[in-house]
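One structure is given below, encoded as structure tokens.
The values are calculated or read from the model by the stated rules, or taken from the named source; none is laboratory data. The structure displayed is predicted, hence computed values, not measured ones. We place every Cβ from the backbone using ideal geometry, glycine too, and count neighbours over all the protein chains shown.
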Amino acid sequence: MLSTSLRPPSSHATFAIMAMKAGKPVYIEKPMAASYEDCARINRISQETGVPCFVAYYRRYLPYFQKVRQMVENGEIGNVINIQIRFAQPPRNLDYNSTNLPWRVQADIAGGGYFYDLAPHQLDLLQDMFGCILEAEGYKSNRGGLYQAEDTISACFKFDSGLPGSGSWCFVAHESAKEDRIEIIGDKGMICFSVFTYEPIALHTERGREEFLPENPPHVQLPLIKAVVEHLQGKAICTCDGISATPTNWVMDRILNNSNITFMTNARKICLLLSFFLYILNASAQEEIKKDTTAQNSKGVLVNLTDGFATTVRHTGRKIRKVGKEFNAVDTTFISPNLYNLAFMLEHSSWYEYYRLGSNSNNGEQSISFSPNANFKLGVYFGWRWIFLGYSFDVKDIFGGHKNKAKKTEMALNLYSSKFGVDLYWRKTGSDFKIRSYNGFQLNTPTKNMDFNGFQSKIRG
């Protein structure tokens, strides 16, 4: 049974994860989720459970857009040197109802405004044709004042091949400015097409202007759904999965600057590319496995691809990788991940210390016990992901309670995952100790609660 999520993007991750943990393949409406982080959660659960996740970027499979791809791949416009997106539309009637706005312009539900709802189709098509976008910057604004979400966006981006592109979106434009257009510019021509209105594809070359209008099926999602069904039946590989859909959310979050991802390091670029390549390699491997299986069945010959030793090594490696992946795993079905890498905390703690020194001599056992008065500490902690560094001090120090005495201080370094934690600390006890009890000493003067200021220690642990 295939589970389908048609709810607003903010709920996609929750329901998709619950379905996959129940063993049900998932078909998610675009965008995949309301943020890049939620997409990553969905992919992780899909990988852990082995249950596939598909995303409804159905335009990849339509004849109209496959024709555009064919033109590019056949070199109709030569080497592609630039991409331009231009989209503008007037406000919708519902946009004027401030008391009952559509969910598509409520950022906490949709991930953004209409940009987050419509731009995914454009960006996904381009990444499917030209590879992952690894750099993206944008400027957003609210020019119409009809709702709080952005309604006007300008952006620039660059694909992994170095191909640059730009885009502009306006959802409060005048009717005269209405536009739905993508231009693929090459050194020998240009291809112009629409994404939502299906205007004739225009090919501009030295031959002049040529138009093409491939006919799409009456039900536009049918080709993709057919590919999904055949994938589940083991007859084909559907490429429209969660891994290939995730980069689109990353690009949108970068353009809108509404993610805790403020920059993309080279390491992150490499990871994104590796994910994309692994996805391609997996699809190719599945096809080869199908071919090998068909050939073996026809010949009635079973070919052992690996011997026992190789199998053992492979399984052991999988177990080690699984332990590493689960080391910091959190059940994110009902527990949302921390949205911020940085954290600041204020800690309050009460401490009571007690020390005993003793020895055996010719006069018998001798011991002395001493401790300071209980103290109350305040601490400031700074955290980055799962690393915390803190400094705490005795409250009495603020009011001069340890006047003429050594102050108590503490430094702490905390390393925590969801499975394991380590506290490293350095403490300085101060010098306000008092004798609490003693044994084996012949003293004429009562010493209980007498100051014992000569003792001071530094503790590491």
Worksheet, complete the sentence: With the first residue restricted to region 427-440 and required to be within 27 Å of Ser392 (Cβ to Cβ), and the second required to be modelled with pLDDT of 75 or more and assigned to a loop (DSSP other than H, G, I, E, B), Cβ contacts under 9 Å at 6 or more apart or on different chains are Thr429/Glu353; Phe433/Glu353; Arg436/Tyr354
Discussion item. Checking Ser417 against (1) at pLDDT 70 or above; (2) within 55 Å of the chain's Cα centre (by Cα): exactly one of these is not met. Which one?
Written reply: (1)
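In region 82-118, which residues are in contact with a strand residue (DSSP E or B) (Cβ under 6 Å, 6 or more places away or on another chain) and not aromatic (Phe, Trp, Tyr)? Don't jump to the end; show me each part of the working.
Start the filter on region 82-118 by keeping residues that are in contact with a strand residue (DSSP E or B) (Cβ under 6 Å, 6 or more places away or on another chain), which leaves 82-88, 115.
Matches in region 82-118: Asn82, Ile83, Gln84, Ile85, Arg86, Ala88.
With respect to Asp160, determine if the residue is within 29 Å of Ile28 (Cβ to Cβ) and in contact with an Asp or Glu (Cβ under 8 Å, 6 or more places away or on another chain). I'd like the intermediate steps shown before the answer.
Details: within 29 Å of Ile28 (Cβ to Cβ): yes; in contact with an Asp or Glu (Cβ under 8 Å, 6 or more places away or on another chain): no.
In short, no.
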Worksheet item: For region 174-194, does any single residue satisfy the condition of being charged (D, E, K, R) and crowded, with 22+ Cβ neighbours inside 10 Å?
Response: no
Worksheet, complete the sentence: Across region 95-136, the tally of residues that are among the aromatic types (Phe, Trp, Tyr) and within 22 Å of Ala13 (Cα to Cα) stands at 4
Response to the item:
Apart from one, (1) more than 22 Å from Glu29 (Cα to Cα); (2) hydroxyl-bearing (Ser, Thr, Tyr); (3) surrounded by 15 or more Cβ atoms within 10 Å (Cβ to Cβ) all hold for Tyr64; the odd one out is (1)
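Residue by residue, here is whether (1) touching a residue at least 60 places away in the same chain (Cβ under 8 Å); (2) under 14 Å from Met252 (Cβ atoms); (3) out of contact with any Phe, Trp or Tyr (no Cβ under 7 Å at 6 or more places or on another chain); (4) aromatic (Phe, Trp, Tyr) holds:
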{"residue": "Gln84", "(1), (2), (3), (4)": "yes, no, yes, no"}
{"residue": "Gln89", "(1), (2), (3), (4)": "yes, no, no, no"}
{"residue": "Asn97", "(1), (2), (3), (4)": "no, no, yes, no"}
{"residue": "Tyr114", "(1), (2), (3), (4)": "no, yes, no, yes"}
{"residue": "Leu123", "(1), (2), (3), (4)": "yes, yes, yes, no"}
{"residue": "Cys132", "(1), (2), (3), (4)": "yes, yes, no, no"}
{"residue": "Gly144", "(1), (2), (3), (4)": "no, no, yes, no"}
{"residue": "Ala149", "(1), (2), (3), (4)": "no, yes, yes, no"}
Worksheet entry | Residue ranges of strands (runs of 3 or more DSSP E) in region 97-180 with at least 3 members among the β-branched types (Val, Ile, Thr), closer than 16 Å to Arg86 by Cβ and not assigned by TED's automatic domain parsing to the domain that holds Ser194 | none
